[in-house]
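Working notes for the structure below.
The values are calculated or read from the model by the stated rules, or taken from the named source; none is laboratory data. These numbers come from a predicted model, not from an experiment. Backbone-built Cβ (ideal geometry, glycine too); neighbour counts: all protein chains shown. Protein only, heavy atoms only, side chains kept; ligands, DNA and RNA dropped before computing areas. Shrake-Rupley method; radii C 1.70, N 1.55, O 1.52, S 1.80 Å.
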Amino acid sequence: MRFVPPVPRRSATAVHAALAAQVLTVAALVVFEHVRGRRLAGEISALGGDPHAPGAQAVVGAVTVFAILVMLVAVAAVAGAAAYLTWLVQARQRVTLSWTPALPVLAAWLVPGVNLVVPPLLIHRLWRDSRPPADRRARWIALLAAWWLSWLATLAVAVARLPFGAPHGDSDLTGLGLADLAVVTLGALLCAATVRQITTVQTAAPHDLTRALEATAPLRGQSQARISSQPSPAVSKRNS
């Protein structure tokens, strides 16, 4: 009997926690922007970039808080990406009954252009290979499409706000507002929903999935045996 990797429940929980942290950090940055950010941007502009100008010390605390919030947003984003890719690799291992290299997954998400099209196809294949009930397909396609559109919107928001403060003059620091927070929150919720759907499917009928995967293992083994048993051209030439 072949070893079947367990359902990646822990990594799915890590994805949910990382997405929650991402939403919370962005929300904290938006609140800071509205409470203090706009006034702080004006004060920094009045200083003319001189750290020794009169009144410079008065804004040090606010600038430090802003810098910490930006770092937390970046850390949460990196943690979310790492948790998601870990879950994705483990979930693929569950349905392939073998060690799955991370390079194809990383390429699907990190190669420019490719990462705009391939990831939802990869997720859909994972969902299909997890042997979900047939009556859930339409609902899954709608969820997947909504998540990917929200992810593209989140990506557009992130690109539009980089570098912080560049397109906004002295009016604010980041340009982030409630609309941006709503887009990030929606994307996080839909992403968490796709992770939950696949994890639930793999958990709901683990024995059926295990039997189906193990049933194909002998066929794969026979194919590999036939390939390995064929003599190489050099050996055949020597024998002749």
- Working only within region 129-144, note down all residues that are closer than 20 Å to Gly187 by Cβ and either surrounded by fewer than 14 Cβ atoms within 10 Å (Cβ to Cβ) or of a type in the set (A, V, I, L, M) (or both). Arg139, Ile141, Ala142, Leu143, Leu144
- Task: State which residue pairs qualify: first residue more than 17 Å from Cys191 (Cβ to Cβ) and inside region 109-128, second residue part of a helix (DSSP H, G or I) in any location, beta carbons under 8 Å apart, and separation of 6 or more residues or different chains.
- Result: Val114/Ala107; Val114/Ala108
- Kindly indicate whether any position in region 139-149 is touching a Cys at 6+ places or on another chain (Cβ under 8 Å) and either under 11 Å from Ile198 (Cβ atoms) or part of a helix (DSSP H, G or I) (or both). yes
- Note on the structure: Filtering region 18-38 down to residues that are under 15 Å from Ala74 (Cα atoms) and open to solvent by 20 Å² or more (accessible area, probe 1.4 Å) yields Leu19, Ala20, Ala21, Gln22, Val23, Leu24, Thr25, Ala27, Ala28
- Message: Need the failing condition index for Ala82 against (1) surrounded by 14 or more Cβ atoms within 10 Å (Cβ to Cβ); (2) modelled with pLDDT of 85 or more, just the number.
- Response: (1)
- Task: Could you tell me which numbered condition Arg39 fails, if it satisfies all but one of (1) assigned to a helix (DSSP H, G or I); (2) modelled with pLDDT of 85 or more?
- Result: (2)
- Message: Of the residues Val75, Val70, only one is within 25 Å of Val23 (Cα to Cα) and open to solvent by less than 60 Å² (accessible area, probe 1.4 Å); which?
- Response: Val70
- Determine which single condition Leu88 fails, assuming it passes every other condition in (1) surrounded by 14 or more Cβ atoms within 10 Å (Cβ to Cβ); (2) over 11 Å from Ile198 (Cβ atoms). (2)
